[in-house]
1. Taking into account only those residues within segment 248-292 that are touching a His at 6+ places or on another chain (Cβ under 8 Å) and hydroxyl-bearing (Ser, Thr, Tyr), which is modelled with the highest pLDDT?
2. Identify, from the list GLU237, GLU233, the residue that is in contact with a Phe, Trp or Tyr (Cβ under 8 Å, 6 or more places away or on another chain), open to solvent by 70 Å² or more (accessible area, probe 1.4 Å), touching a residue at least 40 places away in the same chain (Cβ under 8 Å) and not small (Gly, Ala, Ser).
3. Could you tell me whether segment 165-182 includes any residue that is at pLDDT below 95, closer than 22 Å to HIS273 by Cα and either open to solvent by 30 Å² or more (accessible area, probe 1.4 Å) or not basic (Lys, Arg) (or both)?
4. State whether one or more residues within segment 218-234 are part of a helix (DSSP H, G or I) and hydrophobic (A, V, I, L, M, F, W, C).
5. I'm checking my understanding of the structure. Among residues of segment 189-210 that are of a type in the set (Asp, Glu) and either open to solvent by 40 Å² or more (accessible area, probe 1.4 Å) or touching a Ser or Thr at 6+ places or on another chain (Cβ under 6 Å) (or both), which one is modelled with the highest pLDDT?
6. Can you spot a residue in segment 258-278 that is open to solvent by less than 40 Å² (accessible area, probe 1.4 Å), of a type outside the set (S, T, N, Q) and at positive phi?
7. Exactly one of these conditions fails for ALA293: (1) over 29 Å from GLY200 (Cβ atoms); (2) in contact with a Cys (Cβ under 7 Å, 6 or more places away or on another chain). Give me its number.
Amino acid sequence: MELHFLPIITFLSLAVVASHAALPTELYWNSVLPNTPMPKAVRDLLQPDMLEEKSTSVGVGKGGVSVDAGNGTTGGGTNVGVGKGGVSVSTGSKGKPVTVGVKPGSSPFLYKYAATENQLHDNPDVAIFFLEKDMHPGTKMNLHFIKSTNEATFLPRQIAKSTPFSSNRLPEILNHFSVKPGSMEAEIMKNTIKECEEPGIKGEDKFCATSLESMIDFSTYKLGKNVQAISTEVEKETKMQKYTIAVGVKKVAGDKSVVCHKQNYAYAVFYCHTTHTTSAYLVPLVGADGTKAEAVAVCHKDTSAWNPKHLAFQVLKVEPGTVPICHFLPEDHIVWARN
């Protein structure tokens, strides 16, 4: 399922004029980060044709990654996937799958996220959770990297700054985007704003970037300007298949990085956060059909402050704060790390 907003002619014309004039967001990247290559996840959100045609669409259907992770090795274990009834979690031969719905706007990449059985809504993101001890060459996982339907693109900072983004101005926001109050689109936008406004958990610094410029500013404030930005890249979309971790797993961040997760909204909004107990890795994968991927994996050393009902604990059958938990990121999420 994919939801679309109605066109807003005036709003789009401003964005398109800005994008065709000089692509100011790209110029800002080059001026602040002249030695940092722009990852594909960012490039894909700067295309003028995408900005012109798709900047008012919000996808809430397929997207992200689904997984049959087994025991982190081969066969059996845990299946995690996204269907039209929410997130389906099956634990091998123990019986029927348990359906875990996810409310619109909630993301399993957020620490406060809780998966409950009575929330039967679509969610475009599925975190691929596994234990850090299993991240080594030869580990096999059944993965499905799905192209996201969330094609909302970046707005130039001056337009994003002049566009309301707060719960107390929600009626104005919905009217601005011609979104009907009470609709699924409205609920998605409401929850995205709410999650951005909520305080982070203990030890977490968070920020919602409503433009690429503001994401750059937050990330460089936390890490300095000698940084790299990386995202998951897959040669092509394939069906669910077995991927093997190849030689060459590379740690790209120590205990501090900035991880930015794309949210569902009328334009590109990223939930960026950092803790001092997170590591990031580039993980080479080879599919059974030969498809190659370089996936970004984020590992959380301390999960003691996470919601006890977080999907990761349900999938891995572990308790908060007991073992490091890792997950791959979809192709439209970004990790920032010091060089």
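The values are calculated or read from the model by the stated rules, or taken from the named source; none is laboratory data. Note that this is a predicted model, so its numbers are computed, not measured. Cβ coordinates were reconstructed from backbone atoms using ideal geometry, including for glycine residues, and neighbour counts include every protein chain displayed. For the accessible areas, the whole protein counts, side chains as well, though only heavy atoms, and no ligand, DNA or RNA atoms are used. Shrake-Rupley method; radii C 1.70, N 1.55, O 1.52, S 1.80 Å.
1. TYR271
2. Values: GLU233 fails: in contact with a Phe, Trp or Tyr (Cβ under 8 Å, 6 or more places away or on another chain).
Residue meeting the stated conditions: GLU237.
3. Within segment 165-182 (the criterion being at pLDDT below 95, closer than 22 Å to HIS273 by Cα and either open to solvent by 30 Å² or more (accessible area, probe 1.4 Å) or not basic (Lys, Arg) (or both)), the answer is no, since none of the residues qualifies.
4. Within segment 218-234, the first condition is being part of a helix (DSSP H, G or I), and the residues that meet it are 218-223.
The next check asks that each one be hydrophobic (A, V, I, L, M, F, W, C); those that pass are 218, 223.
Yes, there is a match, as at least one residue in segment 218-234 is part of a helix (DSSP H, G or I) and hydrophobic (A, V, I, L, M, F, W, C).
5. At the first step, the residues of segment 189-210 found to be of a type in the set (Asp, Glu) are 195, 197-198, 204-205.
From what is left, the residues that are either open to solvent by 40 Å² or more (accessible area, probe 1.4 Å) or touching a Ser or Thr at 6+ places or on another chain (Cβ under 6 Å) (or both) are 197-198, 204-205.
Working: GLU197: 95, GLU198: 90, GLU204: 83, ASP205: 90.
Out of the qualifying residues, it is GLU197.
6. no
7. Unmet condition: (2).
Condition check ((1) out of contact with any helix residue (DSSP H, G or I) (no Cβ under 7 Å at 6 or more places or on another chain); (2) of a type in the set (A, V, I, L, M, F, W, C)) across all residues:
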{"site": "ILE193", "(1), (2)": "no, yes"}
{"site": "CYS196", "(1), (2)": "yes, yes"}
{"site": "GLU213", "(1), (2)": "no, no"}
{"site": "LYS225", "(1), (2)": "no, no"}
{"site": "VAL234", "(1), (2)": "yes, yes"}
{"site": "MET240", "(1), (2)": "yes, yes"}
{"site": "VAL252", "(1), (2)": "yes, yes"}
{"site": "SER257", "(1), (2)": "yes, no"}
